[in-house]
Amino acid sequence: MTAPDADRPADACSEPGGLGVQPAPPDRLAALRAELQRRGLDGFLAPRTDEFMGEYMPAYAERVQWLTGFSGSAGFLGVARDRAAIFVDGRYTLQVRDQVDPQTFTPRHLMEEPPTAWIRETFVEGERIGYDPWLHTRAGLGHLKRAADEVGAELVAVDGNPVDAVWTDQPAPPAAPIAPHAIEYAGETSLAKRLRLGADLARRKIAAAVLTASDSIAWLLNVRGGDVPNCPLALSYAVLKSDGSVDWFLDARKLTDAAREALDEGVALHPMDGFAAALQALGRAEPGVRVLADAVGGPAAVVDHLSKGGAQVVEGEDPCQLPKALKNEVEIEGARLAHRRDGAALARFLHWLESVSENGSITELDAIDKLYEFRTRGVRFNGPSFETIAGYGPNGAIVHYRAAPTTNRRIEPGSLLLVDSGGQYDEGTTDVTRTIPIGAPTAEMRTRFTQVLKGHIAIATARFPKGVTGSQLDPFARQALWAAGVDYDHGTGHGVGSYLNVHEGPQRISKSHSAVPLQPGMIVSNEPGYYKTGAFGIRIENLVAVYPVVNPAEGAEKELYGFETLTLAPIDRRLIEPALLAVHEVAWLDGYHARVLEEIGPIVEADVRRWLEDACAPI
């Protein structure tokens, strides 16, 4: 889907719309303030998101970056007449000061100094604060409105984003082709999915559901696109009716002939700019018509327009999210095939890395490019599933590190290299992390790695009753680390799509509460870690699929589930301290490596196979 250089920050002059300028010129903020004054507004609130609220955004929606220079994946902007602030979470406290002029935008911590506090500090009675209702959720707006009410200010929905009015070279919306996702990969026709979900809406006496998440629409209609980096999505909206028909709002020029032919008569095409009016018309269709809308993950504008038309809005979850997460057998088999192909690329990469890393001749960016090259040799590879993380030494201890020319480290003996990467294949999506010693690892590295491995094995071998959630399993992954007085500050697992988003809900394995039980067909990552600031990082990540245990233990009284490990790549034995592993943990590791060798060995070159035989030898 993208060339290897797309995984790197581009030079300022090469990014569209002036997005590479850091910090952004102050005249951009001045132009916005002039536009706000023209509209009779005293301020403006802008989260870093687009009107589809996905994880990845097209260039035209990078309004926060254009105004400030900040390129992080999460941020919030507050602009007033005489001051402005940018809010970021703990991942970006250093980056924001490198990329943003603090004289223009004051950096604030999103949780410790939130936008609500800034509103109370900044605005006074009678002032009007603008917001784009397509970029805020109703839930998020509720907090902002309460803060404004406390000081007597007013939140005002704008018609047309004021940033767009002053961004003169704003990139055009993407127009990547939309192609069908074949039944041989989807495992279920679009019509069958729509009838199934429509029947559930009818049972709940709901006439229609509004879909704003691009991955939901891609899954429901069995289509894939390319409007955003790393995810095969076509940016669009849809309304699913209780009879299984769909009104699809999109730029129809993006549809390939094959995609048009694959759509059945139950899918009606409409221009994107008719979506708001259609929502209002839906509300006027019949008195008190009940329409489902996602108030937590969807734009507030959807509920606004439905309500304006007179609909009775039922606030609830996107009806596609859970069915999409429950992969059918075709999708699970596709995931196995994708991981086998990905495993061959990883074996070639790890073999290559071992042959070149000892002499210090390569860098993090070289490793990223080489791994991409190996993946491109596989059939039906459509690009990375996210920007590859390759962090050597101290960079590996930065959980969300991205290698750039200014941070690029040479890989040489003396520390660890953490590589977190994934691929998009027609059959499925992969995500894998391996930690590799460059030179001889220290005793501390081996101990910490083995503690992480014990947690990984605990998840991989878990058996749990029906109804258990990921938050209940999360301690399994941390017990060895907790016993040693350490931990990691991220979730243990996230859901993964089927040739869709690499981060998919509603399932997860995390300390955070989850009300969604793990169910057969769900794919989730298993990725405990350890990070020593300023020294090194460790993470071991495989993807696993939930399956029903066919032969539970004798006397079992409950239906049991377990995990099938999908990822096929050796776990570096040089970092393992065998004395710290229990007998059953050694058995799992040796069995896993035997399977890796059995499945990957026959599909790689002879020299890679010889290396793999050594890498997969019993502990």
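Given the criteria of a type in the set (Asp, Glu), under 20 Å from Arg194 (Cα atoms) and modelled with pLDDT of 95 or more, does Glu333 qualify? Spell out how you get there, then give the answer.
Working: of a type in the set (Asp, Glu): yes; under 20 Å from Arg194 (Cα atoms): no; modelled with pLDDT of 95 or more: yes.
Here the answer is no, as Glu333 does not meet what is asked.
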Could you give every pair whose Cβ atoms fall below 7 Å, whose first residue belongs to the range 140-168 and is under 19 Å from Trp66 (Cα atoms), and whose second residue is among the acidic types (Asp, Glu) and at pLDDT 95 or above, counting only separations of at least 6 or pairs across chains?
Asn161/Asp132; Pro162/Glu35; Ala165/Glu35; Val166/Glu35
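Given the criterion touching a strand residue (DSSP E or B) at 6+ places or on another chain (Cβ under 7 Å) and either in contact (Cβ under 8 Å) with a residue 12 or more places away in the chain or not aromatic (Phe, Trp, Tyr) (or both), identify the matching residue among Asp318, Asp294.
Working: Asp294 fails: touching a strand residue (DSSP E or B) at 6+ places or on another chain (Cβ under 7 Å).
Exactly one residue qualifies, and that residue is Asp318.
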Is there a residue being at pLDDT 95 or above, open to solvent by less than 10 Å² (accessible area, probe 1.4 Å) and part of a loop (DSSP other than H, G, I, E, B) anywhere in the range 302-320?
yes
Give the range 61-98 a look and list any residue that's under 21 Å from Phe386 (Cβ atoms) and open to solvent by less than 40 Å² (accessible area, probe 1.4 Å), or say none.
Ala61, Glu62, Val64, Gln65, Phe70, Gly72, Ala74, Gly75, Val88, Asp89, Tyr92
Leading residue by the ranking (surrounded by the fewest Cβ atoms within 10 Å (Cβ to Cβ)) among those in the range 478-505 that are within 21 Å of Val544 (Cα to Cα) and among the β-branched types (Val, Ile, Thr):
Val502
Among the residues of the range 322-355 satisfying the criterion of being more than 24 Å from the chain's Cα centre (by Cα) and open to solvent by 30 Å² or more (accessible area, probe 1.4 Å), which is farthest from Gly493 (Cα to Cα)?
Ser355
Before we move on, is Ala117 among the aliphatic types (A, V, I, L, M) and at pLDDT below 95?
no
Could you tell me whether Arg108 is closer than 20 Å to Trp66 by Cα and without any contact (Cβ under 8 Å) to a residue 40 or more places away in the chain?
yes
Scanning for something part of a loop (DSSP other than H, G, I, E, B), closer than 28 Å to Ser307 by Cα, open to solvent by less than 20 Å² (accessible area, probe 1.4 Å) and of a type in the set (A, V, I, L, M, F, W, C), does the range 232-241 turn up at least one residue?
yes
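Can you name every residue in the range 462-499 that is of a type in the set (D, E, K, R) and either part of a helix (DSSP H, G or I) or without any contact (Cβ under 8 Å) to a residue 60 or more places away in the chain (or both)?
From the range 462-499, those of a type in the set (D, E, K, R) are 463, 466, 474, 478, 487, 489; that's our starting set.
Hits for the range 462-499 are Asp474, Arg478, Asp487.
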Go through the range 547-568 and report how many residues are in a strand (DSSP E or B) and surrounded by fewer than 23 Cβ atoms within 10 Å (Cβ to Cβ).
7
Ile571 meets each of (1) under 13 Å from Val452 (Cβ atoms); (2) β-branched (Val, Ile, Thr); (3) within 19 Å of the chain's Cα centre (by Cα) with one exception, condition (3)
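For the structure I just gave you, tell me whether Ala74 is at negative phi and either of a type in the set (Lys, Arg) or modelled with pLDDT of 95 or more (or both). Before the answer, list the steps.
Details: at negative phi: yes; either of a type in the set (Lys, Arg) or modelled with pLDDT of 95 or more (or both): no.
When the stated conditions are applied, Ala74 does not pass them.
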Taking the range 569-591 and keeping residues open to solvent by less than 40 Å² (accessible area, probe 1.4 Å), more than 15 Å from Leu350 (Cα to Cα), in contact (Cβ under 8 Å) with a residue 40 or more places away in the chain and in a helix (DSSP H, G or I) leaves Glu585, Leu589
Quickly run through the range 268-291 and pick out the residues that are closer than 19 Å to Leu197 by Cα and in contact with an Asp or Glu (Cβ under 8 Å, 6 or more places away or on another chain).
Ala268
Give the residues of the range 141-177 that are in a loop (DSSP other than H, G, I, E, B), open to solvent by less than 20 Å² (accessible area, probe 1.4 Å) and over 23 Å from Ala59 (Cα atoms), sorted by residue number.
Ala153
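Would you confirm, using the coordinates I've provided, whether Arg402 is of a type outside the set (S, T, N, Q), open to solvent by 50 Å² or more (accessible area, probe 1.4 Å) and farther than 26 Å from Arg446 by Cβ? Reasoning before the result, please.
Numbers: of a type outside the set (S, T, N, Q): yes; open to solvent by 50 Å² or more (accessible area, probe 1.4 Å): yes; farther than 26 Å from Arg446 by Cβ: yes.
Here the answer is yes, as Arg402 does meet what is asked.
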Candidate set: the range 183-196, residues that are open to solvent by less than 20 Å² (accessible area, probe 1.4 Å) and in contact with a Ser or Thr (Cβ under 9 Å, 6 or more places away or on another chain); chosen: the one farthest from Gly310 (Cα to Cα)
Ala186
Give Phe381, Phe349 a once-over and let me know the one that is among the hydrophobic types (A, V, I, L, M, F, W, C), in contact with a Gly (Cβ under 9 Å, 6 or more places away or on another chain) and in contact (Cβ under 8 Å) with a residue 24 or more places away in the chain.
Phe381
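Considering the range 251-289 alone, what residues qualify as being outside any helix (DSSP H, G or I), of a type outside the set (A, V, I, L, M, F, W, C) and open to solvent by 30 Å² or more (accessible area, probe 1.4 Å)? Before the answer, list the steps.
In the first step, residues of the range 251-289 are kept if they are outside any helix (DSSP H, G or I); the result is 251, 255-256, 263-271, 285-289.
Narrowing further to those that are of a type outside the set (A, V, I, L, M, F, W, C): 251, 256, 264-266, 270-271, 286-288.
The answer is Asp251, Thr256, Asp264, Glu265, His270, Pro271, Glu286, Pro287, Gly288.
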Which residue out of Arg375, Arg409, Arg434, Arg380 is surrounded by fewer than 21 Cβ atoms within 10 Å (Cβ to Cβ), of a type in the set (Lys, Arg) and within 21 Å of Ala335 (Cα to Cα)?
Arg380
Among the residues of the range 518-527, is there at least one that is open to solvent by less than 10 Å² (accessible area, probe 1.4 Å), modelled with pLDDT of 95 or more, of a type in the set (Gly, Ala, Ser) and outside any strand (DSSP E or B)?
yes
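The values are calculated or read from the model by the stated rules, or taken from the named source; none is laboratory data. This structure is a prediction, so every number in the text was calculated from the model and none was measured. We place every Cβ from the backbone using ideal geometry, glycine too, and count neighbours over all the protein chains shown. For accessibility, only protein heavy atoms count, side chains too; no ligands or nucleic acids. Shrake-Rupley method; radii C 1.70, N 1.55, O 1.52, S 1.80 Å.
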